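Below is one structure, written out as C-alpha cells; comments come after it.
The values are calculated or read from the model by the stated rules, or taken from the named source; none is laboratory data. Everything quoted here is computed from the prediction, not taken from an experiment. Cβ atoms come from the backbone with ideal geometry, glycine included; neighbour counts cover every protein chain shown. For accessibility, only protein heavy atoms count, side chains too; no ligands or nucleic acids. Shrake-Rupley method; radii C 1.70, N 1.55, O 1.52, S 1.80 Å.
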Amino acid sequence: MQLSIYTKNPHARAISHLLAKNPATVYERQVKGHAVRFVYHKMTDDELYASIFVTPDSLALVKDNEAFDITHYINDREFAVSTIFLSLIRSALGTALNGKPKEEYLHFAAMDFPFTFEFGPISSRLTDEEIRNLWEPLGYEVTINTMTDAKRARFLTLANTITLKKALQQIFILIPVMDDYKHYFIDEAERERLENFGEGWLEAHPMREFIYKKALRFKQLFMTEVNEQKVYKPSLNTLRYEMIAETVTALKPRTVIDMGAGEGKLSMLLAQIESITKLYSVDPSNHALAKMQKRFADQHLSTAPIIKWGSLYYEDQDFAEADVFILCEVIEHIDEERLPQIMQLITQNYTPKHLIITTPNAEYNTVYELEEMRHDDHRFEWDRKQFESWCKAVAPNYDLQFEGIGSVHAQYGAPTQMCIMTRRDLHAI
C-alpha cells in the first residue's frame, strides 16, 4: 500500500521541506511493528516524485488480543490503502498535514502547486461514479484503474493545483470514506479530526452528509433525532467552549482575557455574556487574528471583543487584574520547562481573580486507541494526577477546582480536564 506525490514546478525543492524529508536519505521507521518508508524517486530543482509506503507485519495486526475478527488473516487489510495505512503514515506526514515546516519555508505551505497523487489499491464498495463525486467537486481530475472486473480493488490518480496541506487533509478524510472497513475506535475525537481537516471545504461539499456518515459510521455520532429534525451532535471542541462559557457566566466577570483565542470560537460565546464589559481575544498568530476579525464582523454581540496580538512570553499590562484569564488548550503547546515562568507571569504579575485552564487528559487516549499524542504540535499530555499536581505547584495562592469535559469513561475519566483557579484572598472579601 502506497501514496505517491508528484509535482513539476520551480519550487520543487521547497516542497521537500514541506514534507520534512531529506531527498538524500531514505526515511524508514517501525510503527506498531510495520515498516514505514518514504523515498524520493526523483528530486531536481523543478521536479519532485516521492512515495510513502508501508510493509506490514500481518501478525502485528492481530497480536496481543487486538484482533477484531478472524478475517484479518484472510482479507485485504495488509495490502490495501485503508484507515490502517493512514494511521501508520500519519506521524511521517505530520509536518505536511499541519502545514508547519521550518519558518523559512512557511510561506510555501500556503502556496498552490500542480500536484498529482497516486494511491492504491483501495478496496471499496463505492462505484466509480461515487468516487468521482467525492473528488471532482474539490477540483481534482480523477483517473481510476481497476484490477479486476469486479472493480473492488482500484488505484486512483488525482491531479489538482492545491496546497500540499489541504490535499493531504482531504486524502486523510476521503480514504476512510471510501474504505469498507474502519479499524479503530470512532467517537467524538474522530468528529473533531474531521472538522479540523475539513475546515474551509467540507461544509460546502455537495456530498457532505454522505462523507460524515461514511467517516463516522455510527449515526449517533453525527446526529440525533429531535422532533423528527436532524440535529448535529456537538463536538468535543464545542462542549469545551460551552463548559468554559457556563463557568465564566457564573463568575459574573467584567474583564476577561481569552489567551490563545485562535480563530475566536470561544470568544464568540464569551462576547454574549452580559456581565463582561471588556473582552480581549489574544493570539500570537496574525493569520488567526485575521480570521477572528472576519468571524466577529457584523455580529450583534453584548461586548465586541478586542482583537489583540499577544504572547505568554511577553508581559502586557492590559492583562493585569483581569477578573478571568483563560488558557483553553494552550499549555500543551508550550515546552514544559517554560511553563513555570509563564505561570509566574500570570499568577504574580497579572494576578487575575480567576484562571481557567483546559488541557487533554492523556489517560483518555486509551479510549481513542492512540499510542501517540492527539496533535503533532503537543509538547506533552498529562494524566489527571499530573495535571492536578502541576496546578497545585504553580498556583500556590489559588484555590483549585477540577472538572472533566466530554463523555466520561469509568476508568479513564473525561477527554478534557479543566482547572478553575480562584485567587485565595477573594474569600476574605
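Computed over the alpha-carbon atoms, the stretch 292-429 gives an Rg to Rh ratio of 0.99, Rh here being the Kirkwood radius from the mean inverse distance.
What is the distance, in nm, between label points placed 7 Å from the Cα along the Cα-to-Cβ direction at His287 and at Thr146? According to this spin-label approximation, the distance is 4.1 nm. Of Lys214, Lys102, the residue with the largest accessible area leads and the full order is Lys102, Lys214 (1.4 Å probe). A compact globular protein would have a Cα radius of gyration near 2.2 N^0.38 Å; the ratio found for the stretch 234-356 is 0.99.
Computed extension length for Asn196-Met111: 28.7 nm, one decimal, from 0.36 nm per residue of separation with the Cα-Cα distance subtracted.
If you roll a 1.4 Å probe over the heavy atoms of the protein chains, what accessible area per residue do you get for the stretch 86-144, in Å²?
It amounts to 46 Å² per residue over the stretch 86-144.
The phi-based Karplus calculation (6.51 cos²θ - 1.76 cosθ + 1.60; θ = phi - 60°) puts the 3J(HN,Hα) values of the stretch 19-31 at 6, 6, 10, 7, x, 7, 10, 8, 7, 9, 9, 9, 10 Hz, whole numbers, x for Gly and Pro. Per-atom-type breakdown for the stretch 309-429 gives carbon and sulfur 45% of the accessible area (1.4 Å probe, protein chains only). Shown in residue order for the stretch 411-424 are the 3J(HN,Hα) couplings computed by the Karplus curve 6.51 cos²θ - 1.76 cosθ + 1.60 at θ = phi - 60°: 9, 9, x, 9, x, 10, 10, 10, 10, 9, 9, 10, 4, 5 Hz (x for Gly and Pro).
Summary of packing: across the peptides 126-135, 412-421, the per-residue average of other C-beta atoms within 10 Å ranks them, highest first, as 412-421, 126-135.
The accessible-area ordering, largest first, of the residues Ser281, Ser407 stands as Ser407, Ser281, per a 1.4 angstrom probe. Distances between placed amide hydrogens fall under 5 Å for His375 paired with no residue 5 or more residues away or on another chain.
Sorting 107-114, 45-52 by their mean Cβ neighbour count within 10 Å, with the most densely packed peptide first, gives 45-52, 107-114. Taking amide H as placed 1.01 Å from N in the peptide plane, the amide H of Thr351 sits under 5 Å from that of Glu321, each at least 5 places away or on another chain.
Over the stretch 232-286, the reciprocal of the mean inverse Cα-Cα separation, the Kirkwood hydrodynamic radius, stands at 11.7 Å. Remark: the stretch 258-329 projects, on average over all directions, an area of 4.6 nm² (convex hull of Cα atoms).
Approximating the spin labels as points 7 Å out from Cα along Cα→Cβ, the Ala304-to-Glu369 distance works out to 5.0 nm. Couplings 3J(HN,Hα) of the stretch 329-345, computed from phi: 6, 10, 4, 5, 8, 10, 4, 4, 5, 8, 5, x, 5, 5, 5, 5, 4 Hz, in residue order, whole Hz [Karplus 6.51 cos²θ - 1.76 cosθ + 1.60, θ = phi - 60°; x for Gly and Pro]. Here the stretch 375-426 has an Rg and Dmax of 12.7, 39 Å, counting Cα atoms alone.
For Ala153, the residues whose modelled amide H falls within less than 5 Å of its own, excluding neighbours fewer than 5 places apart on the same chain, are Met147, Thr148.
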